[in-house]
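Student: Below: one structure in structure tokens.
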């Protein structure tokens with residue numbers, strides 16, 4: 001006697017039987033509505049549980065990240081660490097304690113060792129920023145990931161970032177969501193095509209929750225797999241899942257935007273358009289340097305004849321040494337340049353948006369410190385994530401882009417004060433965030449929408465569109481995610497699909 005089918009397969013078979021009966025018993029003129037309803041029910045069944053788990057996973061990861069940061073960086077190392085959002089009195093504060101700052105290398109090495117043990121002993125997929133792993137699974141693995149990966153990624157990323165590793169939160173959130181999406185589709189015994197859609201849906205839901213940007217997360221889920229294309233079938237389930245995950249995350253951590261704007265908001269004028277175009281070009285140049293250094297760092301660490309756990313440890317040790325060197329060399333503004341290279345760094349972005357960093361007067365010390373902060377953040381991210389540390393790349397892109405924007409905006413104010421006022425420099429920081437990551441990620445539309453949602457400001461859409469387009473073109477063939485392919489025609493996931501369509505087209509022409 002044949003063994004009983006899994007309950008997921010039986011549930012799917014039952015639903016197909018019920019809808020087949022409905023379709024065959026319905027007049028032809030009404031079948032389109034039945035088909036639409038069937039698709040709606042099917043994608044809702046797929047997306048709702050993914051959105052729930054992605055929201056809970058993002059909240060759990062955010063909690064771990066906060067607690068690890070407070071224990072290691074604040075409690076042991078003695079850093080007053082700034083967070084993004086609306087600060088009390090509109091002032092972002094950061095500081096450090098000497099000699100407790102000298103504990104930073106030991107703490108970061110401990111974090112790297114812990115992450116390395118997870119990578120080597122439990123799940124190699126946890127290494128790195130995580131987005132490439134999801135993209136690779138989509139294109140070549142039929143959307144399959146191991147169920148253990150999201151949970152281990154959560155722990156390893158919180159440990160890497162909480163001990164001072166430089167990176168972002170989107171990679172872990174994306175891998176948590178995509179991992180469950182894949183597992184849920186596998187449980188329902190769905191075919192490879194729908195399993196890939198489920199993986200992408202979870203990826204978008206995780207990103208939309210952690211950045212409080214549900215629409216941007218859904219678009220990101222459809223855009224991130226390609227350099228010049230979209231995955232249109234992902235949009236509908238990704239929107240459902242992102243709305244749910246964002247709502248659940250907001251229940252725990254509020255629905256305020258990730259960043260707070262200056263009291264007067266942000267403004268721009270038509271005379272600044274050439275300056276925003278130049279900002280996009282500068283972001284493209286720095287973005288290419290960032291990509292090349294990150295790739296170089298990955299290759300060098302991969303070639304080291306040591307165990308994976310010690311590669312991550314070595315990367316964190318080198319990053320901590322670089323931070324301490326800059327800490328003592330550039331003490332400007334409470335060691336801004338060094339502390340901005342730790343953890344996620346969004347609090348320092350918030351300071352630039354509120355006009356506390358790199359604004360008038362643009363003294364040489366400020367120029368040197370902000371430039372050093374950009375270089376150090378790029379270097380420490382390459383060392384942390386390139387060695388196998390579990391952290392994302394969006395965070396560094398946001399920080400570097402904001403610092404580039406505020407520096408360029410402040411320089412324009414010095415040279416052309418009648419064109420760029422002091423109150424308008426914050427706009428350059430926001431557009432810098434969009435332009436830098438939009439160029440290096442090859443996901444310009446998603447980034448445009450996401451940063452608008454993160455800041456709650458739609459006033460900069462026009463200059464941001466120009467700057468992002470120039471950064472996207474300016475980065476040329478360079479892209480941060482190595483597993484991206486140019487278009488759907490280049491994806492192994494769509495080879496059979498397009499081959500079948502071509503054969504059917506030829507058969508119709510022959511007949």
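The values are calculated or read from the model by the stated rules, or taken from the named source; none is laboratory data. The structure displayed is predicted, hence computed values, not measured ones. Glycine gets a Cβ as well: all are built from the backbone with ideal geometry, and neighbour counts include every protein chain shown.
Student: Among the residues of region 266-299, write down those that are closer than 30 Å to residue 118 by Cα and either touching a strand residue (DSSP E or B) at 6+ places or on another chain (Cβ under 7 Å) or free of Cβ contacts under 8 Å to residues at least 40 places away in the same chain (or both).
Tutor: Matches in region 266-299: 299 only.
Student: Test residue 437 against the stated conditions and say whether it is within 18 Å of residue 396 (Cβ to Cβ) and in contact (Cβ under 8 Å) with a residue 12 or more places away in the chain.
Tutor: Details: within 18 Å of residue 396 (Cβ to Cβ): yes; in contact (Cβ under 8 Å) with a residue 12 or more places away in the chain: yes.
It is true that residue 437 is within 18 Å of residue 396 (Cβ to Cβ) and in contact (Cβ under 8 Å) with a residue 12 or more places away in the chain.
Student: Can you confirm whether residue 32 is at pLDDT 90 or above, at negative phi and loosely packed, with under 14 Cβ neighbours inside 10 Å? Walk me through how you get there before you give the answer.
Tutor: On the way: at pLDDT 90 or above: no; at negative phi: yes; loosely packed, with under 14 Cβ neighbours inside 10 Å: yes.
No; evaluated as a whole, the condition is false for this residue.
Student: Of the residues 84, 141, 123, which single one is surrounded by fewer than 24 Cβ atoms within 10 Å (Cβ to Cβ), within 29 Å of residue 353 (Cβ to Cβ) and within 24 Å of the chain's Cα centre (by Cα)? Before you say what the answer is, go through the steps one by one.
Tutor: Values: 141 fails: within 29 Å of residue 353 (Cβ to Cβ); 123 fails: within 29 Å of residue 353 (Cβ to Cβ).
Unique residue meeting the criteria: 84.
Student: Determine if region 310-330 includes at least one residue that is out of contact with any helix residue (DSSP H, G or I) (no Cβ under 9 Å at 6 or more places or on another chain) and on the phi < 0 side of the Ramachandran plot. Give the derivation first.
Tutor: Looking only at region 310-330, we keep the residues that are out of contact with any helix residue (DSSP H, G or I) (no Cβ under 9 Å at 6 or more places or on another chain), and these are none.
No, region 310-330 contains no residue that is out of contact with any helix residue (DSSP H, G or I) (no Cβ under 9 Å at 6 or more places or on another chain) and on the phi < 0 side of the Ramachandran plot.
Student: Now, a different point. Checking the structure you have, find out if any residue of region 393-409 is on the phi < 0 side of the Ramachandran plot and surrounded by fewer than 24 Cβ atoms within 10 Å (Cβ to Cβ). Break it down stepwise before answering.
Tutor: The initial filter retains those residues of region 393-409 that are on the phi < 0 side of the Ramachandran plot, namely 393-409.
Right, trim to surrounded by fewer than 24 Cβ atoms within 10 Å (Cβ to Cβ) and you get 408.
Yes, that holds for at least one residue.
Residue-by-condition table, conditions (1) modelled with pLDDT of 90 or more; (2) closer than 27 Å to residue 202 by Cα:
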| site | (1), (2) |
| --- | --- |
| 248 | yes, yes |
| 261 | no, no |
| 291 | yes, yes |
| 305 | yes, no |
| 323 | yes, no |
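For (1) modelled with pLDDT under 90; (2) within 30 Å of residue 242 (Cβ to Cβ), each residue gets a yes or a no:
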| residue | (1), (2) |
| --- | --- |
| 387 | no, no |
| 409 | no, no |
| 422 | yes, no |
| 443 | no, yes |
| 446 | no, yes |
| 457 | yes, yes |
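Student: Check whether at least one residue in region 247-254 is assigned to a loop (DSSP other than H, G, I, E, B) and either within 18 Å of the chain's Cα centre (by Cα) or surrounded by fewer than 21 Cβ atoms within 10 Å (Cβ to Cβ) (or both), and report yes or no. Steps first, answer last, please.
Tutor: Of the residues in region 247-254, the ones assigned to a loop (DSSP other than H, G, I, E, B) are 254.
Now drop any that are not either within 18 Å of the chain's Cα centre (by Cα) or surrounded by fewer than 21 Cβ atoms within 10 Å (Cβ to Cβ) (or both), which leaves 254.
Yes, region 247-254 contains a residue that is assigned to a loop (DSSP other than H, G, I, E, B) and either within 18 Å of the chain's Cα centre (by Cα) or surrounded by fewer than 21 Cβ atoms within 10 Å (Cβ to Cβ) (or both).
Student: Then there is this: Take the conditions in contact (Cβ under 8 Å) with a residue 24 or more places away in the chain and more than 22 Å from residue 289 (Cα to Cα) and apply them to residue 463. Does it pass?
Tutor: Details: in contact (Cβ under 8 Å) with a residue 24 or more places away in the chain: yes; more than 22 Å from residue 289 (Cα to Cα): yes.
Yes; evaluated as a whole, the condition is true for this residue.
Student: Does region 367-379 include one or more residues that are part of a loop (DSSP other than H, G, I, E, B), under 28 Å from residue 150 (Cβ atoms) and at pLDDT 90 or above? Spell out how you get there, then give the answer.
Tutor: So the first thing to find is which residues in region 367-379 are part of a loop (DSSP other than H, G, I, E, B), and the list is none.
No, region 367-379 has no match at all.
Student: Among the residues of region 67-93, how many are part of a helix (DSSP H, G or I), in contact (Cβ under 8 Å) with a residue 24 or more places away in the chain and either closer than 16 Å to residue 258 by Cα or not assigned by TED's automatic domain parsing to the domain that holds residue 211 (or both)?
Tutor: Final tally of qualifying residues: 1.
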